[in-house]
Amino acid sequence: MELTRSSGILLHITSLPSKYGIGDLGTSAYKFVDFLKASGHKYWQLLPLNPTPATFHHSPYSSYSAFAGNPLLVSPELLEKKNLVDLKKFSLPKKISEEKVNFEPVEAYKNDLLNSAYLNFTKRKSDFPDFKNFCKNHSAWLNDFALYKSLSNKYETDWLEWPEELRDRKPAALKKAEKELSEELEKEKFIQFLFFKQWEDLTNYAHKNDVQFIGDIPFYVNHESADCWANTDYFKLDEDKKPTHVSGVPPDYFSETGQLWGTPVFEWKTLKKNKYDWWVNRIKQNLLLFDLVRIDHFRAFAAYWQVPAGEETAINGKWVKSPGIEFFKIIQKEIPEMPFIAEDLGLLDEPVYDLLEKFNFPGMNVLQFAFGEEKAENPYLPFNHKSHSIAYTGTHDNNTTRGWFKAADKVTRRHLQKYADKRVTERNVHEILHRIVLRSVAKIAIFPLQDIIGLGEEAIMNTPGSIEGNWTWRVKEDEIPVEAAKDLREQNVIFGRFKEPKPVKKSVDNKKK
């Protein structure tokens, strides 16, 4: 995959403005595409679009499906345009905020809307001829997902607590459940149809305006998921389907006990026997949605940290090799262009670098990691960036640039000031880092919208290691710097990240009439 010199903005759909308490695939998303085009940005980078259960604090990286779309992102306005709901009959969610997503009332509101939309669909199925084709084209994951979701709603427990014949997917029990829950299954499939149709329409609009999407694939999936229930052989589970080992990362400079993520780890030997089919299908599914895909926790394709289930910390884990090279050779046969970005941050070693080099995957350079002790070999300093890579001011897991600078020590501030060769303050630091990243040799430059606007730590999207207040930040409509689009476009032009289209010459007919 060849990258072209360009830039983009990182903003999750949930963070968009709307009057429904959460960003969605409606008007604000189209307006943001317009802003990207006007400001000379080629890419809109997103977090995963999978469903986000309250159990896992609505983290986009902890879903009950690696294939399904998030129903919370379905636009009420677009449902009304299809005559599926009458919004006047629904009171807006209570206790909603322009600045934060309050998930509980938003989820209740969206569920009511989607239930109503489904009831109207059942009366007008002939108006949606694409629904059957959607179900057929996505059957590889959609049937298991719909059944899993319907059974979860019925039993209101983790699938380990379901009747044994359903837990263990006995064919007769599954067939009986499908018959008894046929209406529920159809509803779940219809909700997914709505999400994918709204996403397809937004994607078509973005592409017409020369804007592309960068998506995100989490490495692990939850035990409480359709994927684990439907593919138990692909995870390290015991006879009762409980994890024998779980994921995490080892102790490091930031944490004496490491991080215990708790998701089941993959049984790579079994995946290999089936040519990694689940992973191949998962990546293909993401490439239906996105133009480029960032692979989160990429280092786990070289080796992953495995912790015995039941441990309270990640200390007593060990490194286990992954079939990275063999795996990506299979992926390369299926997807020759391999449009992937490797999240190569954190604890890396030679096998990870070998994997990156062998397949020429572009990695990430985060500018907030560049300053501190003045070590010229720091890989995040712009003069050490590789051309075939992506440069960021920060990511969704970082503080905003203004928040980072406010919390920075004197050594970091002094180093940055020397590097910038000008006085750096909390008021201008986001502008300075913005220009430094634009100047990088890295082919793609990405900026969280918070850093384009210049917001402080109140606009943090996620603080790793914590569970409170994450994934809730929203941008107000009047904060999106539409008036600065021309200036942003000019900066992209100056640093070679956008080329102004040549004016179309009008043909002159000199023939005598």
Would you check if ASN286 is surrounded by 19 or more Cβ atoms within 10 Å (Cβ to Cβ), over 23 Å from PRO351 (Cβ atoms) and out of contact with any helix residue (DSSP H, G or I) (no Cβ under 7 Å at 6 or more places or on another chain)?
yes
Answer with yes or no whether TYR43 is touching a strand residue (DSSP E or B) at 6+ places or on another chain (Cβ under 6 Å), more than 25 Å from PRO129 (Cβ to Cβ) and aromatic (Phe, Trp, Tyr).
yes
What are the residues in the stretch 426-451 that are in a loop (DSSP other than H, G, I, E, B) and either out of contact with any Phe, Trp or Tyr (no Cβ under 8 Å at 6 or more places or on another chain) or free of Cβ contacts under 8 Å to residues at least 12 places away in the same chain (or both), if any?
ARG427, ASN428, SER440, VAL441, ALA442, LYS443
Between ILE480, ILE460, which is buried (at least 20 other Cβ atoms within 10 Å of the Cβ), of a type in the set (Val, Ile, Thr) and within 20 Å of TYR43 (Cβ to Cβ)?
ILE480
Return the residues of the stretch 189-248 that are in contact (Cβ under 8 Å) with a residue 40 or more places away in the chain and part of a strand (DSSP E or B); say none if nothing qualifies.
GLN212, PHE213, ILE214, GLY215, ASP216, ILE217, PRO243, HIS245, VAL246, SER247, GLY248
What pairs can you find where one residue is in the stretch 160-177 and under 15 Å from ASN231 (Cα atoms), the other is among the acidic types (Asp, Glu) and outside any helix (DSSP H, G or I), and their Cβ atoms are less than 6 Å apart, with a gap of 6+ or different chains?
none
Could you grab the pairs with beta carbons closer than 7 Å, sequence gap of 6+ or different chains, first residue in the stretch 340-357 and farther than 22 Å from THR395 by Cβ, second one outside any strand (DSSP E or B)?
PRO351/ALA302
Of all residues in the stretch 352-377 being surrounded by 12 or more Cβ atoms within 10 Å (Cβ to Cβ) and either modelled with pLDDT under 95 or hydroxyl-bearing (Ser, Thr, Tyr) (or both), the one that is farthest from ASP291 (Cα to Cα)
GLU374
Can you tell me which residue in the stretch 36-80 is surrounded by the most Cβ atoms within 10 Å (Cβ to Cβ), limited to those that are within 13 Å of the chain's Cα centre (by Cα), farther than 14 Å from LEU16 by Cβ and hydrophobic (A, V, I, L, M, F, W, C)?
ALA68
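Listed here are the residues, each with its yes/no results for (1) hydrophobic (A, V, I, L, M, F, W, C); (2) surrounded by fewer than 19 Cβ atoms within 10 Å (Cβ to Cβ).
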residue	(1), (2)
LEU174	yes, yes
SER182	no, yes
GLN192	no, no
ASN204	no, yes
LYS208	no, yes
ILE217	yes, no
GLU239	no, yes
PRO243	no, no
VAL249	yes, no
On the given criteria, is LEU10 surrounded by 24 or more Cβ atoms within 10 Å (Cβ to Cβ) and within 18 Å of GLN450 (Cα to Cα)?
yes
Does LYS19 satisfy the condition of being out of contact with any helix residue (DSSP H, G or I) (no Cβ under 8 Å at 6 or more places or on another chain) and part of a helix (DSSP H, G or I)?
no
Kindly check whether there is at least one residue in the stretch 60-70 that is closer than 16 Å to TRP473 by Cα, hydrophobic (A, V, I, L, M, F, W, C), in a loop (DSSP other than H, G, I, E, B) and modelled with pLDDT of 95 or more.
no
Looking only at the stretch 21-35, which residues are farther than 16 Å from ASN102 by Cα and under 15 Å from the mean Cα position of the chain (by Cα)?
LEU25
Hey, could you check the stretch 93-123 for residues that are assigned to a loop (DSSP other than H, G, I, E, B) and free of Cβ contacts under 8 Å to residues at least 24 places away in the same chain and say which is surrounded by the most Cβ atoms within 10 Å (Cβ to Cβ)?
LYS94
Residue list for the stretch 393-419, restricted to those being touching a residue at least 40 places away in the same chain (Cβ under 8 Å) and acidic (Asp, Glu):
ASP397
With respect to GLU334, is the statement that it is in contact (Cβ under 8 Å) with a residue 24 or more places away in the chain and more than 26 Å from HIS12 (Cβ to Cβ) true?
yes
Among LYS422, LYS375, the single one that is closer than 24 Å to SER255 by Cβ, assigned to a loop (DSSP other than H, G, I, E, B) and either of a type in the set (Val, Ile, Thr) or free of Cβ contacts under 8 Å to residues at least 12 places away in the same chain (or both) is LYS375
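The values are calculated or read from the model by the stated rules, or taken from the named source; none is laboratory data. Source: prediction; values computed, not measured. Virtual Cβ from ideal backbone geometry, glycine too; neighbours counted across all protein chains shown.
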